Structures are given as structure tokens and as C-alpha cells.
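Structure, as C-alpha cells:
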Amino acid sequence: MTALLELKDIRRSYPSGDEQVEVLKGVSLSIYAGEMVAIVGASGSGKSTLMNILGCLDKPTSGSYHVAGTDVATLDGDALARLRREHFGFIFQRYHLLSHLSAAQNVEVPAIYAGVAPKVRHQRASELLTRLGLAERIDYSPAQLSGGQQQRVSIARALMNGGQVILADEPTGALDTHSGEEVMATLKQLRDRGHTIIIVTHDPSVAAQAERVIEIRDGEIIANPPPAPGVHDATPITDKPRHTSALQQFIGGFKEALMMAWLAMVANKMRTLLTMLGIIIGIASVVSIVVVGDAAKQLVLADIRSIGTNTIDVYPGKDFGDDDPQYQQALKYDDLTAIQKQPWVQSATPTVSQNLRLRYGNVDVAASANGVSGQYFNVYGMTFSEGSTFNESQLNGRAQVVILDSNSRRQLFKDKLSVVGEVVLVGNMPATVIGVAEEKQSMFGSSKVLRVWLPYTTMSGRIMGQSWLNSITVRVKDGYPSAEAEQQITRLLTLRHGKQDFFTWNMDGILKTAEKTTRTLQLFLTLVAVISLLVGGIGVMNIMLVSVTERTREIGIRMAVGARASDVLQQFLIEAVLVCLVGGALGISLSLLIAFTLKLFLPGWEIGFSPVALVTAFLCSTITGVVFGWLPARNAARLNPVDALARE
Ligand code: ADP
Ligand code: MG
């Protein structure tokens, strides 16, 4: 006949100082299916140590242990967890119920790890509790139950997945006589139903109720009677998990872990909130920097673009500051016409400028008069608050018309409602005001001189009497590369002049520099944000380590009823990720608030929440949770079940 549990020369020693203390000194023992065995011995004789080895919670230092013919030494951690989950049922002296779960939830824990569907396990839990006389106490928490009732809950838990072998370590030790008798009666009933019962006790009256009493003293078996008749052959343990698929197991475990994580978070509200604060600040800064930084960048770039990024200025001479008289007259009207004819040119406008007096009535001010073409205002993106620009015939006819800027308008006309049609003196030439142009507000500030614009033909022909231009501003068609355009202009004009007596300049360089600057700035700010997120993550790690230490006993209980190391790892990882995700969500809300406030104070800013920012935040939270939860979770998963259970 195959023994259900067979120990051969089992030794277990613990390190004590420099030496090893042997607690079990060569125990050999066979227990058969259907037996009710009591292991008795004085306190400290090694009963619990033996029991833990029998239940695969602990491993012997030497010797072999077979469960239904299978050598336990050949099983890995997960297989041992399955054995505990599906074949053994533990009953502890101190019940070892999870205090934050109800009676029914406690009973269900082994079934969760076995992947039993929620409906099935709810039903089985309430059936078991009803059978054990706890029908009315199903939703009570352990603290609301008496010792005897708690022990019955733990018996129900041991039976949840079948509990072929019930291992009870001093099950009556903490109970009064009456409750103890009840528990013993229940165990006897279970024996009658075919369970194998092993009870560890130091109480002879409890031991007397078993058919076979094995005595242990100082780690050695001193009495080992043969099994009573009526025992049967052990059925070999199956390799396949009895219950549902791995996926279902995973989902069940995941849900359980999520609920546990939530409970743990709620149980320590203040602590969780403080831990989260780091994540909240971290995520809020990451999102704000992405969002606000982007808006700021757009603002700067738009500002630069508004002055015309696809414009190229052509000046006479070799470079800025070159006033060599031989070059002064390099740019001619014909050059302008030639440039305007190029297919990639949207518009080209010349400037001929001079500082002149501007007079109206008794007001006399200094102003810069600029001869331009009608397209000038278009090139610089200026708008008209009154009137409009001059037309072709005014240009060709050297019309005596002038466009004022808003400052000159104010100087000359004060609060006059409409100024179009008024005649002012530009230098000594009377000119009719045909428009008031608004200079685009730019971050580079506007000049303090008054500015007026006249047709360049009027300016050069009537006022200055010169036949050359001070500069030509070319607006390139959208999409045409400005570097290419610059080359084209240079080639064209060099060909026309026979030498290069001009130079070109464009805003593209400035745009690139600004782009680079804002990018560098954003990168730097992101670094700061990432550092704050890092600090937040370290906070999470710290609190998770505390949490693992605090809940070591819980981990031990879960492992004893069949949780795999991976279940424990998963649970703590989920907890860390949950803290980070909730923190992340709060962080996003905070950054929304920041963005909203900024929008109120900075109306020009285009602050928009891109999906990129949200995905970044989500990823950052999850990654922080996983990275910083990993170490504590691994610590939890690596705990030895016996050590964890022994921890107070
Ligand atoms: P019993 O359950 O019979 O009272 P135990 O099996 O708990 O006895 O302990 C037997 C002996 O082993 C005791 O002397 C105890 O001090 C020692 N012991 C138990 N666990 C450990 C441990 N983790 N480390 C060191 N010694 C231990
Ligand atoms: Mg003990």
C-alpha cells in the first residue's frame, strides 16, 4: 500500500550562532489516506517544524519526503504552491485569517488562486460556512468573530479546494474547552467524510481522540503505532491543475490583487496620499512641461513667423555696415522687376527710406519715411485699421499718398475719428493719407520712431530724387525652400550686375536658432520633471517596502493557502502601479488646472491637451509603478512561507 505522506530520515537544522541546531533528528514516518493522526510532544520538541515540512511550507535539511509517491524535492515552487492549494488544508493555532476580509472572503482565498469562477466560489464558501454553523456570520470580519468561530472559518478555508489532507497545528490551543471540543468534533466529521487529518497538539486529551498517536521528543519519534485498520491506498497526485485554465487563474488572481491593492490603499489613506503626492507632482510637472512648453514654443515660433520667415532681404554692399560708396547704388528698379518675375516669388517690395519731418496743422514731428510697394504690408503681415494700401496706378503714377502707422496717426490727429483723406506734409511734399497700418505686435518689440509709407516711386522720384533702392524684401512662395531662393536671387543679381555687390539675409536662421533654443529649454525642463517623478517613484518604493514588511504575515498566509510567488509579486506590483496610476490621474488633473489658470493669465497661449501628453502621463505612471514597485514586490515574492507566517 502506498502511503499518502512518507517521511524518510528527515532532518531539519537551524543556524544558531556559528553552529547548526538540529531540531528534527531523522524522523521517519508514514501516514495513510483516511487516517486521523495526532502528533504529540512537549513544547519545543519540533512538532510545528515537522508539520511545516509535511505541509510543504518548509523544506527538510536532509531526508526524503514523498506525497502520494511523488518526491517533493523534485517539485518547483509553483508545483509546491499547487500542492498546498489543492491537496492540503492548513489550520493554525492562531487562525491566521486576513483581518481586512470578511469570513466568506477569507474562505474564498484558496479558490481565487486556483482560478475558480467567482460565482462558484461564493456559493461553495457560503455552503461550507453554513455547514460549519456560521450561516449568519458570512459577512463578518474576523475581529467580529469569537476564537472558535474564527477557527471554524479557517477550517472552511482549508476545505475550500478539497482539503484532502488537513494539517492542524494546535487547532484548539487558543480556544476554550467548549470551542475546542466543537473544533475536534468537526475534524472527526471530516475524517468520516474521507479526509486525512493530522493534528499537532501538546494536550493529551485532544490527542486521545485520534486513532493513532505519534509521540515526538526533542526531534525524535519515540512512539509510532501502526495505522488503524480502514485506511486506504493513496491516489497519486495529478499533474494537471484540477481547476480552470491558466488564463482564468490569471484573471482571477489579477482581480483579487486589484481589490487587495485598493483595500491596502484605502486602509492607509493618509500614507497613500503622501506617497502619491510625489507622483502627483511628478506627473503634473511632466504633463505641464509637455503641454505648456509646447504652447510656449508655438508662441515664439509664431511670433517669429509673423515677421516673415520666408522673406529674404537684399541689401547693397558686402555686409551690414558696409557704406562703400561704390556699392551704394547697386540695387535698381530693374532688379526688383526681375525678381518679381521669378516663379517662386510671391511678392517683392523695395525700400527707400529717409528721416523726414511730418507736419499737419501746427504739429511737426520727425518720422522715418519708407518708399515701398503695395505688397509691403502683405509681406510683413500688417493689417489696416483704416483705409488700405496703394494700388498699381498710384505706384506707377508716383501718387502723393501716404500710409501712417498708428503712432504717427495719434501724434498728428489726436482723437480724430477718421483721417483718410487728410493731407499732411511729408518733408515738403503734401500727401493724402490713404490708410493707417497696424504694426504686428512682436516679442522683439516695435521701434519707437514714427513710421510712414509711400509708394517707392513717389519716395525716390519726388522726395529723394534717387534711382536706386535701399533694399529689396522678397517673400518666397510657401513651400519653396528659402535657402534655394537665396541662391537663386544671388545668381540672378550677380548675373545682372556682373559682380556680387549686394548681400542677402533671411529670418530662417533666427527661426532655427529659436527652435533649437526652445527645444533645449524644453529638454531641460523635462529633465527636471523626470527627476521629480523619480523622487516620487522612490517614495513609492519606500512605502511599498514598508507595506511588504507590515504585511509579511499576510503574505505567509496567502502562500500557505496556495499563492504562487508570482501571485505575490503580481499583487505588490499592481499595488505600486495602482498608487502611481491614481497619482498620475490626480497629476493630470492638477496640470489641467495649471493649464487652465495659465490660459486665464496668458490669453495668447494656445494650450491644448494633446493625446501625446496624456499617453505620456499614463506611461510614466505605469513605468514608475513597475520600476519602483519591482524591488518591494520581489522581496515579498521571495519570502519563505514559514518565516513569513512566524512574523508578527
Ligand atoms: P513545537 O511546535 O513542538 O513547540 P517547534 O517545531 O516550533 O516546536 O520548534 C522546535 C525547536 O526549533 C524550538 O527549539 C525552536 O526554538 C526551534 N526553531 C523553530 N523555528 C526556528 C527558526 N526559524 N530558527 C531557529 N530555531 C527555530
Ligand atoms: Mg508549535
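Projecting the Cα atoms of Val540, Phe601, Gln164 onto the charge dipole of the chain, computed from C-beta unit charges around the Cα centre, puts Phe601 farthest toward the positive end. To the nearest 500 deg cm²/dmol, what mean residue ellipticity at 222 nm is calculated for the chain from DSSP H runs of n ≥ 4 alone, each contributing -39,500 (n - 2.57), summed and divided by the residues? Calculated from helices alone, the mean residue ellipticity at 222 nm is -15500 deg cm²/dmol. Full extension of the segment from Gln123 to Arg638, taken as 0.36 nm per residue of separation minus the current Cα-Cα distance, would add 182.1 nm.
The alpha carbons of region 47-196 occupy a box of 46, 37, 30 Å along the principal axes, longest dimension given first.
On alpha carbon coordinates alone, what is the Rg over Rh value for region 133-287, Rh being the Kirkwood radius?
Ratio value, two decimals: 1.13.
Think of a 1.4 Å ball rolled over the protein heavy atoms: the chain then has 47 Å² of accessible area per residue.
DSSP bridge analysis restricted to region 351-508 gives an antiparallel fraction near 65%, rounded to the nearest 5.
Share of carbon and sulfur in the accessible area of the chain stands at 57%, probe radius 1.4 Å.
Over region 96-229, Cα pairs under 8 Å with separation of 6+ residues give a relative contact order of 20 percent. Calculated on the Cα set of region 434-575, radius of gyration then Dmax: 33.9, 103 Å.
Its residues counted as N, the chain yields a C-alpha radius of gyration over 2.2 N^0.38 Å of 1.73.
For the chain, a simple Cβ point-charge model (Lys and Arg +1, Asp and Glu -1, everything else neutral) yields a dipole of about 1440 debye relative to the Cα centre.
Long hydrophobic helices in the chain, taken as whole DSSP H segments with a C-alpha length of 30 Å or more on their own axis and mean Kyte-Doolittle hydropathy at least 1.6: 565-601.
How many Å³ per residue does the convex hull of the Cα positions in region 503-648 occupy?
About 135 Å³ per residue, rounded to a whole number.
Can you tell me the FRET efficiency between Arg11 and Glu211 if r is taken as the Cβ-Cβ distance and R0 is 45 Å, rounded to the nearest 0.05? With R0 = 45 Å, the Cβ-Cβ based efficiency is 0.95. Computed on the chain, with alpha-carbon pairs under 8 angstrom and 6+ residues apart, the relative contact order is 18 percent.
When each of the peptides 501-511, 552-562, 263-273 is scored by the mean number of other C-beta atoms lying within 10 Å of its residues, the order from highest to lowest reads 552-562, 501-511, 263-273. Across region 1-102, the convex hull enclosing all Cα atoms gives 154 Å³ per residue.
If you model region 572-648 as an ellipsoid using its alpha carbon gyration tensor, with each semi-axis the square root of five times an eigenvalue, the axes come out at 40, 11, 6 Å, biggest first.
For region 313-404, the calculated P(r) over all alpha carbon pairs, in 10 Å bins from 0 to the bin holding the longest distance, is 12, 37, 36, 13, 1 percent. How large is the direction-averaged shadow of the alpha-carbon convex hull of region 604-648, in nm²? Reported value for the Cα convex hull: 5.2 nm². Among beta bridges identified by DSSP and lying wholly in the chain, the antiparallel ones come to about 65 percent. Dividing the alpha-carbon radius of gyration of region 49-120 by the rule-of-thumb value 2.2 N^0.38 Å gives 1.27.
The values are calculated or read from the model by the stated rules, or taken from the named source; none is laboratory data. Not measured: the values here are computed from a predicted model. Positions of Cβ are backbone-derived with ideal geometry, glycine not excepted, and every protein chain shown enters the neighbour counts. For accessibility, only protein heavy atoms count, side chains too; no ligands or nucleic acids. Shrake-Rupley method; radii C 1.70, N 1.55, O 1.52, S 1.80 Å.
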